[in-house]
Amino acid sequence: MPKIYLGIDVGSVSTNVVALDEQGQVLTTVYLRTRGQPIQAIQEGLRQVVATLGKDISVAAAGTTGSGRSLAAVMVGADVIKNEITAHAFAASFAVPGVQTVLEIGGQDSKIIILRQGIVTDFAMNTVCAAGTGSFLDQQAARLGIPIEEFGRRALESRSPVRIAGRCAVFAESDMIHKQQQGHPLEDIIAGLCEALVRNYLNNVGKGKEILPPVVFQGGVAANAGMRQAFNRALGTEVIVPKHYGVMGALGAALLAREMRPAVSAFRGFDLTGREFRSGGFECQGCANHCEVVELREGRQVLARWGDRCGKWSNAVAV
Amino acid sequence: MKVTFPHMGHLWLILKTALEGIGLEVVVPPPCTRRTLELGVRHAPESACLPLKVNLGNFLEAKELGADTIVMAGGVGPCRIGYYAQVQREILRDIGCEYKMVVFEPPDVHFSEVWDKVKYLNRRPWQEGVRGVILAWQKACAVDSLEQEVQHLRPREAKPGQADAVFQQALGELDAAGSRGEIKKIVKKAKSEMAKIPRHGGGPLLRVGIVGEIYTLLEPLVNLNIERRLGALGVEVVRGLFLSRWINDNLFKGLLPLPGHHPEKTAPPFLNHFVGGHGWESVGDTVTFARHGCDGVIQLAPLTCMPEIVAHSVMPAVQEARGIPVMTIYLDEQTGEAGLQTRLEAFVDMLRWQKGRKAAERRGTYLQQKLFQGAENKCQKFT
Ligand code: SF4
């Protein structure tokens, strides 16, 4: 039975699964919308892995990452639980050995990771500002009535991008509307928006960081040719978009799992796609914190609890 | 007169003893919780920094318990905390919450300024009052010594939370203690219990220094329990700022022979001047931690805190010159636990990675596996 390594990245926007063979080659990747239902997304992701690779596989190790990493880890039985930054850095340096800068822009957040000689030396993360994330680009594409796939191509047609204030999503949007009404051609506005987002990213997330080549650009937004071009121009160097740019978190988690090589994997088997998991929550009345405790159940059994500040609930279940 | 005061970590225990020592009836505000924060945020100006908001919440909650007088520390110098007492008084008045306020400030002219205020509050013959203050001081030293023990144990204990449980228990006992002998006994008992806690004997530990604005350093509600989170990630936390030292530096003007901060010696050439709050100390302590072999430094500050912003801006130079990674975290009521946890984990991974390489360079091999050593799966605990 061929051995595989699984990586699962559960984010608020997307849930991705990657399966690697023993050499670290990507066998299959799955990209799904989380739609606020991480449990279903994880199950569906695993189902698709089995659908592509067949039932005749054994999982040698599994890793999880993303904001839902703990939930995913308990559900599938993970050997490694890693934060997004480490996972992304790991994947980038595997895809592009010697990488010194990783720019990552996903659906909900963006980050920059600085590596020197294969080791992370600095990073920054932006989770509060919507301008400069995939969701904002999606929104603007929809508002302009252009499919997001075409958005980047249109940006490349521009000869003189207009300058758009990109400090914050609200300003950027109103400034774009203003520029549209002034009669600027659409492609110039789109290209201007890309430049504004890149400026915003470099000023906020990349502030004070030394961006040296090779620069890897990954995350869903890296699909956008307009954004790539804007980065190339702003940095004066060609950014590299790795083949699996959209699922680098999951790839990193799988690589980290492979690196760990546990004697016996904690993976609970693919049949968990058929089991019934439920997550629920309640507000603890134990003190004035009123923590919102979240629990993951399989059937009647409580698998794990999170969200309590005092440890009263999470200590109550043996994970 | 029923006096109350703002919370700041374990300060309540010390203040309560001192104030009771001079014969006052004391109302300790309920421990800081999300409700405290919500109350404060509701009534404070949006752009004020977090300490003001939480303090305001403390006062409102203490009022519910019948307090009528506030004793608090003010500040001098270029930090707005100096005005917070006044701002808070106005806000409280506006919402119809009447309080008398006694504000202690670092005496800039003479120690008698502090003395006058003590005289105003004092209800007992002064010998007794002095006894109470000395008792409070002894408690401060006891709390600090136990807390250092906890910081040492957190990354080493097999099951997270055990050292903290002993510590909490001891705090309760210290609160009730009435003499030096009792305090000594409590400390001894707690330390021997801590010594019995099983340890995991895992891989090499990282040491991380934390610096920054005092309130964010000392109040767990505000820093989202950062020390416990780091402990659970296998990191030993060291901190330059402890209550006993702060009390000595600020209220006794360094009269007591304690190791104080000496930013004037450690911070230059990066920062040559007092910049308000603890900005100067943040830079100085970072340099000290680097010298003492810490693997990294985390700077904590309330969002928009001016002194810490100044310190933050010179950190890249310190990092570069002293070769120590520094991560700055700004905290406000919007700070999410998930985001903080991710940053901490990533920072710890980064330090572990770098440490692994440094060790490997010495041995001539480089093991990526370093990344997996330590308390790998414990991070679940706080997420
Ligand atoms: S879980 Fe703990 S901290 Fe949270 S409300 Fe309940 S008792 Fe309070």
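The values are calculated or read from the model by the stated rules, or taken from the named source; none is laboratory data. Since the model is a prediction, treat every value here as computed from it, not as a measurement. Positions of Cβ are backbone-derived with ideal geometry, glycine not excepted, and every protein chain shown enters the neighbour counts.
Odds and ends about this structure:
- Residue check for A:L53: aliphatic (A, V, I, L, M), under 23 Å from B:E345 (Cβ atoms) and away from chain B (no Cβ under 14 Å): no
- Within the stretch B:202-226, considering residues that are assigned to a loop (DSSP other than H, G, I, E, B), under 22 Å from B:E333 (Cβ atoms) and aliphatic (A, V, I, L, M), the one farthest from the other protein chains (Cβ to nearest Cβ): B:V222
- Residues located in the stretch A:262-286, provided they are within 14 Å of another protein chain (Cβ to nearest Cβ), loosely packed, with under 13 Cβ neighbours inside 10 Å and assigned to a loop (DSSP other than H, G, I, E, B): A:A263, A:Q285
- When the strands (runs of 3 or more DSSP E) confined to the stretch A:43-157 are screened for residues that are small (G, A, S) and surrounded by fewer than 22 Cβ atoms within 10 Å (Cβ to Cβ), those reaching at least 1 such residues are found at A:58-65, A:119-126.
- Selection from the stretch A:2-40 of residues that are without any contact (Cβ under 8 Å) to a residue 60 or more places away in the chain and out of contact with any strand residue (DSSP E or B) (no Cβ under 7 Å at 6 or more places or on another chain): A:P2, A:Q23, A:Q25, A:R35, A:G36, A:Q37, A:Q40
- In this structure, A:A230 qualifies as touching a helix residue (DSSP H, G or I) at 6+ places or on another chain (Cβ under 8 Å), in a helix (DSSP H, G or I) and not assigned by the TED database to the domain that holds A:E295.
- Only one of the numbered conditions (1) within 16 Å of the ligand (Cβ to nearest atom); (2) part of a strand (DSSP E or B); (3) within 12 Å of another protein chain (Cβ to nearest Cβ); (4) not hydroxyl-bearing (S, T, Y) is violated by A:L296, and that is (1).
- Members of the stretch A:299-312 that are under 29 Å from the mean Cα position of the chain (by Cα) and either in the same structural domain as A:L71 (by the TED database) or within 12 Å of the ligand (Cβ to nearest atom) (or both): A:R305, A:W306, A:G307, A:D308, A:R309, A:G311
- Of the set (1) modelled with pLDDT under 90; (2) more than 14 Å from chain A (Cβ to nearest Cβ), all apply to B:V41 but (1).
- Per-region count, the stretch B:293-313, residues crowded, with 19+ Cβ neighbours inside 10 Å and touching a residue at least 24 places away in the same chain (Cβ under 8 Å): 14
- Exactly one residue out of A:C284, A:C291 is in contact (Cβ under 8 Å) with a residue 24 or more places away in the chain and within 10 Å of the ligand (Cβ to nearest atom): that is A:C284.
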